[in-house]
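*Asks:* Would you mind keeping the following structure in view while I ask a few things?
The values are calculated or read from the model by the stated rules, or taken from the named source; none is laboratory data. On a predicted model such as this, the values are computed, not experimentally measured, just so you know. As a convention, Cβ positions derive from the backbone with ideal geometry for all residues, glycine included, and neighbour counts pool all protein chains shown. Calculation scope for accessible area: heavy atoms of the full protein, side chains included, ligands and nucleic acids excluded. Shrake-Rupley method; radii C 1.70, N 1.55, O 1.52, S 1.80 Å.
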Amino acid sequence: MINGITNTVGSLIIRFLSFVGGVTYLAQEMWSHLWRRPFYPALIVEQMYQIGVRSLSLVSATAFSTGAVMALQFGFGLERFGGKYYVPKVVALSLVRELGPVFTSLMLAGRIGAGITAEIGSMNVTQQIDAIRALGTSPIKKIVIPRVLGCLIVLPLLTVIANFIGILASLFICQAELGLDPLFFYQKVVYTVVLTDFVVGVAKTLFFAAFISLVGCYYGMRTVGGTQGVGIATTKSVVTSSILIVTSDFALTKLFWIFEKWTQ
């Protein structure tokens, strides 16, 4: 039994190190190809549309629900202690620094991460990627770079929109359920949320976007086994990128807090 546990742990460690090495190598390859000609701006714009515009409804619905639920829960909870007037501050700060970036990234990990892996995985098992190489074109430039850059550009913008929609939803709930004046709500949000909070939330999404796009491309490029392999790779991509987003959020939050204290 002990040998079985040891073998399992060893296998997990080897798979983890293989994953880290593979993603790191893919990022290095992407960086080296990024500055070489030819460039494909049309492909980047297309990915920005696929990732950003087509995800806007999903992100908006998630942000609206999150802001409304937070206002409702904090409002009813704090009202018992006479603290309902702190709801605008708590909700706005939580959305801008944490929940907006994290929830938006998780939604994109489920939709975009799965889409990237499935698309590239299908191309891989049908030998389309080999055909691109045979034509003398780098699959890194035509497949990986447009998706990574598109995600890096669009995810911060989606997060800004999600923050606005979430705060707007909490305003409606605070007015309808708690009886707070909209002008009072606006003043508290503007007073509480400073530029640093906004920058920290947006900066996190750059890391999350890299996790989603690179992990999706990595598993897509390594897909084998036909349609069944595509399904397995897609599942791994979504699970891995979601775990990376949730776990790295703590480390990023801690690093940003240290940086803020150091710059004060």
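*Asks:* In the stretch 120-159, what residues are touching a residue at least 12 places away in the same chain (Cβ under 8 Å) and out of contact with any helix residue (DSSP H, G or I) (no Cβ under 7 Å at 6 or more places or on another chain)?
*Replies:* Scanning the stretch 120-159 gives a single hit, LEU157.
*Asks:* Go through (1) modelled with pLDDT under 90; (2) open to solvent by 50 Å² or more (accessible area, probe 1.4 Å) and name the single condition MET107 misses.
*Replies:* Evaluating MET107 over (1) modelled with pLDDT under 90; (2) open to solvent by 50 Å² or more (accessible area, probe 1.4 Å) leaves (1) as the failure.
*Asks:* What pairs can you find where one residue is in the stretch 42-59 and over 13 Å from LEU152 (Cα atoms), the other is of a type in the set (D, E, K, R), and their Cβ atoms are less than 8 Å apart, with a gap of 6+ or different chains?
*Replies:* Note: pairs meeting the criteria are LEU43/LYS142; SER55/ARG111; LEU58/ARG111.
*Asks:* Scan the stretch 17-47 for residues that are touching a Gly at 6+ places or on another chain (Cβ under 9 Å) and open to solvent by 60 Å² or more (accessible area, probe 1.4 Å) and jot them down.
*Replies:* If the condition is that a residue be touching a Gly at 6+ places or on another chain (Cβ under 9 Å) and open to solvent by 60 Å² or more (accessible area, probe 1.4 Å), then VAL45, GLU46 are the ones that fit.
*Asks:* Given the stretch 55-128, what helices (runs of 4 or more DSSP H) lie entirely inside it while holding 1 or more residues that are in contact with a Leu (Cβ under 9 Å, 6 or more places away or on another chain)?
*Replies:* Helices (runs of 4 or more DSSP H) meeting the threshold: 56-79, 87-94, 100-108.
*Asks:* Among the candidates LYS89, LYS84, single out the residue that is modelled with pLDDT of 85 or more, touching a helix residue (DSSP H, G or I) at 6+ places or on another chain (Cβ under 6 Å) and under 18 Å from SER170 (Cα atoms).
*Replies:* Exactly one of LYS89, LYS84 is modelled with pLDDT of 85 or more, touching a helix residue (DSSP H, G or I) at 6+ places or on another chain (Cβ under 6 Å) and under 18 Å from SER170 (Cα atoms), namely LYS89.
*Asks:* Turning to a different aspect of this structure: Filtering the stretch 96-147 down to residues that are among the charged types (D, E, K, R) and more than 25 Å from the chain's Cα centre (by Cα), which residue is nearest to ALA42 (Cα to Cα)?
*Replies:* ARG133
*Asks:* Another question about this same structure. Which residues, counting only those in the stretch 150-160, are surrounded by fewer than 21 Cβ atoms within 10 Å (Cβ to Cβ) and either out of contact with any Leu (no Cβ under 7 Å at 6 or more places or on another chain) or hydroxyl-bearing (Ser, Thr, Tyr) (or both)?
*Replies:* ILE153, LEU157, VAL160
*Asks:* Is it true that LYS204 is closer than 24 Å to PHE64 by Cβ, among the basic types (Lys, Arg), surrounded by 15 or more Cβ atoms within 10 Å (Cβ to Cβ) and modelled with pLDDT of 85 or more?
*Replies:* yes
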